[in-house]
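The values are calculated or read from the model by the stated rules, or taken from the named source; none is laboratory data. The structure displayed is predicted, hence computed values, not measured ones. Every residue, glycine as well, gets a Cβ built from its backbone with ideal geometry; the counts of neighbours run over all protein chains shown.
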Amino acid sequence: VLEGGDRRVTRCSVTEISSMATSVLWPLSMAILYGYCGHVTVTHKPCHLPLCMGLYKIDTHIHTSRSSCCAIVSGREIVHWYKDAGYYGVVITDHFARDYSMPSLNATWEERIEHFLAGYREAYAEGRKIGFVVLLGMELRFTENPNDYLVYGIDEEFLMGHEDFYEMGLASFKKLASENGILIYQAHPFRPVMQLADPAFLDGVEVFNGAHTGDYEDNLAYEFAKAHNLLMLSGSDFHSRVHLARGGIILSEEVHTSQELAKVLRENRNVELIRGERIKPNR
Ligand SMILES: [Zn+2]
Ligand SMILES: [Zn+2]
């Protein structure tokens, strides 16, 4: 059981409501919570209860079809779906690796970055239109091994200015990241083929991944993060509609840039983890 998820539920739990209400109101509270409170049931509906106001749900791990060849939904659609699901924002974390999901193997650095940013830019533009926050992140793979890292706090200038940084490897990149206020989380570290990274070069670990069908890998990730006192993160790993709103975080303050998000995460200011429903294995 993930502690972050437990804390989240406590904030808007039935117990909390019942302590304020008489026993006559108990069945009513239950009905309202299970009907409308996405924080309890993860029903994909926005929560309008006063106890849940002032909370900002953000999905931290999202791929767009434009920039990740394994994803099938456009940034434009993603923004609408997540807004309808009651989220405040999303972080677009498209894949970035030397040999994966690039326009061509001999593309220039600028062409690679432009391709990587295309999905984010489309989502961002649509978000501006409808009042939905879209932040820039990345799922980065170095050439040294098949591990994936979720990166927050980057901007276009940083990306353009550090050519071939996927050749650096985690240890060297961590130094550069720290100098630039960038956070590195190992994504789904216990999936097959992944290798556990040296915790000295991580800020955190993704301990809930919405694309997993069971708890096993995430529970191990949680134990790993706890043992090394690393930050914890939850994200949907959205590639298609089946992953919609299965993970993310709840903040108690607004963030408007990737750097602001990185700051809140680093300081661990009331960051609560969403532990969504698992995908049914037969889907
Ligand atoms: Zn993917
Ligand atoms: Zn991913």
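Would you tally the residues in segment 74-97 being surrounded by 22 or more Cβ atoms within 10 Å (Cβ to Cβ), of a type in the set (Ser, Thr, Tyr) and more than 16 Å from ligand 1 (Cβ to nearest atom)? Can you show your working first?
First pass over segment 74-97, keeping only residues surrounded by 22 or more Cβ atoms within 10 Å (Cβ to Cβ): 75, 78-79, 82, 87, 89-94, 96.
Right, trim to of a type in the set (Ser, Thr, Tyr) and you get 82, 87, 93.
Among the residues that remain, those that are also more than 16 Å from ligand 1 (Cβ to nearest atom) are: 82, 87.
The number of residues fulfilling the criteria is 2.
Taking segment 220-253 as the region of interest, how many residues are within 16 Å of ligand 1 (Cβ to nearest atom) and not aliphatic (A, V, I, L, M)?
Step one: list which residues in segment 220-253 are within 16 Å of ligand 1 (Cβ to nearest atom), which gives 235-244, 246-247.
When the remaining residues are screened for being not aliphatic (A, V, I, L, M), the result is 235-241, 243, 246-247.
Qualifying residue count, segment 220-253: 10.
For segment 56-73, enumerate the residues that are under 18 Å from Leu117 (Cβ atoms), more than 10 Å from ligand 1 (Cβ to nearest atom) and surrounded by fewer than 22 Cβ atoms within 10 Å (Cβ to Cβ).
Listed by number, the residues that qualify are Ser65, Val73.
Please indicate, with yes or no, whether at least one residue in segment 112-127 is in contact with a strand residue (DSSP E or B) (Cβ under 9 Å, 6 or more places away or on another chain), at pLDDT 95 or above and not in a helix (DSSP H, G or I).
no
Mind checking which pairs have a first residue in segment 212-235 that is under 20 Å from Asp59 (Cα atoms) and among the aromatic types (Phe, Trp, Tyr) and a second that is surrounded by fewer than 18 Cβ atoms within 10 Å (Cβ to Cβ) and modelled with pLDDT of 95 or more, Cβ under 9 Å, 6 or more apart or different chains?
none
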